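A.B. asks: Here's a structure for you.
The values are calculated or read from the model by the stated rules, or taken from the named source; none is laboratory data. These numbers were taken from a predicted model, which means no experiment stands behind them. Because the Cβ atoms are built from the backbone with ideal geometry, glycine has one as well, and the counts that use them run over all protein chains shown. To get the accessible areas, we keep the full protein, side chains included, count just its heavy atoms, and leave off ligands, DNA and RNA. Shrake-Rupley method; radii C 1.70, N 1.55, O 1.52, S 1.80 Å.
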Amino acid sequence: MAALRPWLLAARGAAATVARALVRTYAAVLFSRSLLVGVLLLMATATAPRAFVGGILGVLAALGAAWLLDLDHEALRDGSYGVSALLLGLGIGQTLGLGPTAVVVLLHLAALCALLTAGLRTLLASSNLPVLSIPFLIVFYLLLGLVPITGLTYEHPLRDQSLLFSSHFSSVIAEILRNVGSLLFLPRWDAGALLLLALLLHSRIAVLLAAVGAGAIYVLTLGLPLLATSELLPVLTLNAVFTAIAIGGVWFVPSPSSMLLAIGSVLLSALFTVGIAGPLARIGLPILIVPFN
């Protein structure tokens, strides 16, 4: 038994390292390094079992590939190599399910996310630009091309049908929370509540910026009423929220000037969203978070 103790300690240490990297990957979606934020986002995905499993499989596959290739250890620990794979796992779990074929595709493409992340980190470093979720977009678009020849079929993310919200006011709150949950392919009020709590714990400024981004889109719809009833509204809001948080509170010190810059960036994101909607639709691709990137 004494001879096994070093091995057990090493295994326990490795498991703890992997667990921390997993949780930090979830936190990195909100530009955070907090373990608590990561745990809350992990709990949010657990409200939809196939999203929960898909996300974890994606992250573990990406981290495993990065470890085998001996990529930057610090980036491994802070979740940088797993963010795009996490989004991919959530997307596949919620839109294609987790049958045997889907799982095989997920594991391979999640590893590809890690490779693309490593390549883009090197390519963009000289310009001091972040990778963001560009690997996810590239791989998800590749996935859409693979779907017809793999026999996979699309499944719609299940919305919660809770009866807890009977009044008009509470149903409006529930719909807002579902829209928040949709940021992670989780159109559920409970997932949205956990995501909102995670954002609040991460930064009250980030919550304010998220509200500013969503509010800017609302004001835009007042001037352009057709947008209010357009299918583009959810994706407009999604990109606006991420853009406002990133520009106003991550890459610039929060201040009145960064707030103005965030609002300008949100409007630019909206312009880009509307501009690429038609061309992408003609080739059968969703907008996703292209404008934010």
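A.B. asks: Looking at (1) farther than 24 Å from residue 201 by Cβ; (2) open to solvent by less than 10 Å² (accessible area, probe 1.4 Å), which is the only condition residue 60 fails?
C.D. replies: (2)
A.B. asks: In the range 149-172, how many are modelled with pLDDT under 75, open to solvent by 40 Å² or more (accessible area, probe 1.4 Å) and not in a loop (DSSP other than H, G, I, E, B)?
C.D. replies: Selection size over the range 149-172: 4.
A.B. asks: Residue 40: open to solvent by 20 Å² or more (accessible area, probe 1.4 Å), more than 23 Å from residue 286 (Cβ to Cβ) and not charged (D, E, K, R), yes or no?
C.D. replies: No, not satisfied.
A.B. asks: Out of 106, 63, 120, which single residue is at pLDDT 90 or above and touching a Phe, Trp or Tyr at 6+ places or on another chain (Cβ under 9 Å)?
C.D. replies: Details: 106 fails: touching a Phe, Trp or Tyr at 6+ places or on another chain (Cβ under 9 Å); 120 fails: touching a Phe, Trp or Tyr at 6+ places or on another chain (Cβ under 9 Å).
That would be 63, the only listed residue that is at pLDDT 90 or above and touching a Phe, Trp or Tyr at 6+ places or on another chain (Cβ under 9 Å).
A.B. asks: Scan (1) in contact (Cβ under 8 Å) with a residue 24 or more places away in the chain; (2) open to solvent by 40 Å² or more (accessible area, probe 1.4 Å) for the single condition residue 211 breaks and write down its number.
C.D. replies: Against the list (1) in contact (Cβ under 8 Å) with a residue 24 or more places away in the chain; (2) open to solvent by 40 Å² or more (accessible area, probe 1.4 Å), residue 211 comes up short only on (1).
A.B. asks: State all residues of the range 231-264 that are part of a loop (DSSP other than H, G, I, E, B), in contact with a helix residue (DSSP H, G or I) (Cβ under 8 Å, 6 or more places away or on another chain) and either open to solvent by 60 Å² or more (accessible area, probe 1.4 Å) or not aliphatic (A, V, I, L, M) (or both); if no residue qualifies, say none.
C.D. replies: Keep residues of the range 231-264 that are part of a loop (DSSP other than H, G, I, E, B), which gives 231-232, 250-255.
Now restrict to residues that are in contact with a helix residue (DSSP H, G or I) (Cβ under 8 Å, 6 or more places away or on another chain): 232, 252, 254.
Across the range 231-264, the qualifying residues are 252, 254.
A.B. asks: Determine which single condition residue 13 fails, assuming it passes every other condition in (1) at pLDDT below 90; (2) open to solvent by less than 60 Å² (accessible area, probe 1.4 Å); (3) outside any helix (DSSP H, G or I).
C.D. replies: (3)
A.B. asks: Let me ask something additional. Can residue 267 be described as in contact with a helix residue (DSSP H, G or I) (Cβ under 8 Å, 6 or more places away or on another chain), under 23 Å from residue 293 (Cβ atoms) and open to solvent by less than 40 Å² (accessible area, probe 1.4 Å)?
C.D. replies: Values: in contact with a helix residue (DSSP H, G or I) (Cβ under 8 Å, 6 or more places away or on another chain): yes; under 23 Å from residue 293 (Cβ atoms): yes; open to solvent by less than 40 Å² (accessible area, probe 1.4 Å): no.
Criteria not met by residue 267.
A.B. asks: Here is a further query. Check 97, 93, 119, 82 and return the single one that is surrounded by fewer than 23 Cβ atoms within 10 Å (Cβ to Cβ), touching a helix residue (DSSP H, G or I) at 6+ places or on another chain (Cβ under 9 Å) and touching a residue at least 40 places away in the same chain (Cβ under 8 Å).
C.D. replies: From the options 97, 93, 119, 82, the qualifying one is 97.
A.B. asks: Among the residues of the range 45-58, is there at least one that is outside any helix (DSSP H, G or I) and either touching a strand residue (DSSP E or B) at 6+ places or on another chain (Cβ under 9 Å) or among the hydroxyl-bearing types (Ser, Thr, Tyr) (or both)? Can you show your working first?
C.D. replies: Initially, the range 45-58 is screened for residues outside any helix (DSSP H, G or I), giving 46-48.
Keeping just the survivors that are either touching a strand residue (DSSP E or B) at 6+ places or on another chain (Cβ under 9 Å) or among the hydroxyl-bearing types (Ser, Thr, Tyr) (or both) gives 47.
Checked the range 45-58: at least one residue is outside any helix (DSSP H, G or I) and either touching a strand residue (DSSP E or B) at 6+ places or on another chain (Cβ under 9 Å) or among the hydroxyl-bearing types (Ser, Thr, Tyr) (or both).
A.B. asks: May I ask you to say which residue of 31, 136, 52 is touching a residue at least 12 places away in the same chain (Cβ under 8 Å) and open to solvent by less than 40 Å² (accessible area, probe 1.4 Å)?
C.D. replies: Numbers: 31 fails: open to solvent by less than 40 Å² (accessible area, probe 1.4 Å); 52 fails: open to solvent by less than 40 Å² (accessible area, probe 1.4 Å).
Answer to the selection: 136.
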